[in-house]
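Notes for the one structure printed next.
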Amino acid sequence: MSSRIIPVQPFDYVVFGATGDLTKRKLIPALYHRFNDGQFDEKSRIIGASRSKLSDAEFQAAVRDAITQFVEKPYQDEAVIERFVKICSYVPVDASNPDQSGDLGKALRDDPKVVRAFYLAVAPDLFEPIAEYLSKKKLYRRDARVVIEKPLGHDLASSMEINDGVAKIFKEDQVYRIDHYLGKETVQNLLALRFANALFEPIWNSAHIDHVQLTVAESVGAGTRGYYDESGALRDMVQNHMLQLLCLVAMEPPASDDANALRDEKLKVLRALKPITNGDVAKNTVRGQYKGVKSEATSVAGYQDELPDDKKGSRTETFVALKAEVQNWRWTGVPFYFRTGKRMANRVSEICIQFKPIPHSIFGHAEGAPRANKLIIRLQPDEGVKLMMMIKDPGPGGMRLREVPLNLSFAETFSERTPEAYERLLLDVIRGNQTLFMRRDELEAAWNWVDPIREAWDRATEPPQSYTAGTWGPSGAIALIERDGRTWYEDEV
C-alpha cells in the first residue's frame, strides 16, 4: 500500500533564523522531502531570512549543503535538488534594525491564493520584535500564519509574556506552537488506535488499566549546549513533549477531528492533573544528573565535566522521574509514571499501557504464571505498536504458558519511507490545520502544573541524585515505582 500525496496550496514560507542549526538539520530536509514527493512544486517559494548578509546564491549553496548532509542518500535526486534550490531565496533581516534590512516585501507575493507563513526558528526573545517588524513593514495579513518554536518561556509568567508579545500582532488562530513529537507517525497512530478501533476503548479506563508509563530516554549527553543548563529535563521534555503524550493517552474522545475539539479534550486532561506541591514533590518526583564513566573500554564525561567553569556546581537536572494522577472518572486510581533523561542506557521513546492481571487463573499446574497484558507504543526508534499476550508454548508435555508479542512494525508493514515529524507539521501550517499544535491555554495549563515542582526543587537543599552514564537513571527512580509494587518496562532494543 502506498500513501496518498495530497498537494497543498502554493505558499511563501519565510524562515527566520535561516542560517541556524534547526533550519539546516530539520526544516530544509523536511521541505525537500515534501517537494520530492510532489506535495508542492515551483509555484511555492522558500525565503530565508536572518541577520547574515548572504546573497541568493550563497543561501542556495547552504540549502544544497543541508540536503547533502541531512537527507538520506537514496532520496538525493540531483534533478529534484536543482529544482528545489531554485525556489529558495534570501533576504537579510534584522528585526531590531529594520532600516538596515533588505526588502522582504519584494520577495512576497500579494496574492490571496498564495499562503503566507512565517517560521520563527529563532530565540523566543525575538518573537515579538519580528512580529512587530512584519506589522511595521505591512507584511502581516489576517490570513498569514506564524510558527513559533520552544522554549516558550521558563515558567508560566515568562510564557505568558512571550505569547502576549506575539498576540499583539497575530491572532490565536494564526499561531502554530510547534512540538515535533506530535508530528511523529506513531503519536498520530495513538489517536487511530484509540478512536478507529472498537477493541481498546471499552477497556481504556481504570477498571482495566493498572498504570501507564511514558519513557523518553536519550543516550547522548547535554554536551556543551548552554541553553540546556538554563532549562533542564523538566522544562525541556516534561512540560511539553511528555505532557502532550499524556494528553493523547488520557483524553476523552473528541466530538470530531476538528483541531479545537481535540485540543479542548487535551486541555481537560491538563486541568485534571493532581497538583504536585510541597511534601508531594519529594514523594512523587526524582531528579538526577549523570556522572561520567572511565574504564579501559570507554570514557564518557559527566554533566559537570561538560560545563564551562562558570557553570560548575550546577544543580540542573538531566533526568526526571515522576508519578502523576489524572483526577477524573476514567483515570482515578491509575498512576502515570514519567521517565526522561540524558545519557541513559538506550535511545527510546515509548508508552507502556499496563493492563490489570486476570482476576483468576485456571492454569494452576501450568509452567509459567500468566502475566498481565501490556500495550507498547514505540515512538522511536523502530516505530511500532506491540501487544504482549499469553499463549501456550507449542509442543507436547503439558501446558506451558509463554508471553509473546503481536507486533506491528511500521518499517516491516509499510514499504514506503515514513515521513519525519517536521514534514507533516510544516505543511499542516500551510493547510491551516492546528490539530497537532499547542493552543495557548494548553501551554499555560502545562506550566501551571510544572511550576510548583520546579519551585520546590529550587528551594530544596539536596542536589540531584547522581546516576552513571549509560544506565536507566538514579536509584530513586526505581524506588519511585517499586514502592507501588510495579517496575519500569525495559524492552530489548
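The values are calculated or read from the model by the stated rules, or taken from the named source; none is laboratory data. These figures come from a predicted structure and were not determined experimentally. Reconstructed Cβ throughout: ideal geometry from the backbone, glycine too, with neighbour counts over all protein chains shown. Just the protein is used for accessible areas: all its heavy atoms, side chains included, with ligands, DNA and RNA removed. Shrake-Rupley method; radii C 1.70, N 1.55, O 1.52, S 1.80 Å.
General observations
- Solvent exposure of Trp488, expressed as accessible area, is near 20 Å², computed with a probe of 1.4 Å over the protein chains only.
- Across all C-alpha atoms in segment 1-111, the radius of gyration and Dmax reach 14.4, 53 Å.
- Ordering 51-60, 127-136 by mean Cβ neighbour count within 10 Å, with the highest value first, yields 127-136, 51-60.
- You can think of it this way: the chain between Asn260 and Phe70 has 65.0 nm of extra reach, that is 0.36 nm per residue less the Cα-Cα gap.
- The shape of segment 343-492 comes out oblate: with a ≥ b ≥ c from the C-alpha gyration tensor, a/c is at least 1.5 while a/b does not beat b/c.
- Nearest 10 degrees, 0 to 90: helix 440-459 Cα axis against the chain principal axis: 60
- Size estimate for segment 410-490 follows the Kirkwood approach: the inverse of mean 1/r over distinct Cα pairs works out to 17.8 Å.
- Protection proxy ranking, peptides 280-292, 238-250, 335-347, average beta carbon neighbours within 10 Å, highest first: 238-250, 335-347, 280-292
- Separation of the Phe200 and Glu252 label points, Cα + 7 Å toward Cβ, nm: 2.0
- Part-to-part distance (alpha-carbon centres) for segment 140-184 and segment 256-278, which is given in Å: 18
- Solvent-accessible ranking of Ser409, Ser256, largest area first, probe 1.4 Å: Ser256, Ser409
- The slack between Arg83 and Arg141, meaning 0.36 nm per residue of separation minus the straight C-alpha distance, is 18.0 nm.
- From most to least packed by mean Cβ count within 10 Å, the peptides 351-364, 469-482 give 469-482, 351-364.
- Per residue value of the accessible surface for segment 11-67 (all protein chains in place, 1.4 Å probe), Å²: 38
- Spread of Cα-to-Cα distances over 5 Å intervals beginning at zero, given as percent, for segment 129-193: 4, 15, 21, 19, 15, 13, 8, 4, 1, 0
- An ellipsoid equivalent to the chain, defined through the eigenvalues of its Cα gyration tensor, has semi-axes of 41, 27, 23 Å when rounded to whole angstrom and sorted largest first.
- Multiplying the residue separation of Ile478 and Asp56 by 0.36 nm and subtracting their alpha-carbon distance yields 146.5 nm.
- Between Tyr227 and Asp393, the simple spin-label model (points 7 angstrom out along Cα→Cβ) gives 5.1 nm.
- Estimated from the Cβ-Cβ distance and a Förster radius of 45 angstrom, the FRET efficiency linking Phe355 and Asp99 is about 0.10.
- Neighbour cut-off at most 13 other Cβ (10 Å), DSSP loop, GluC sites (Glu not before Pro), segment 213-322: Glu296
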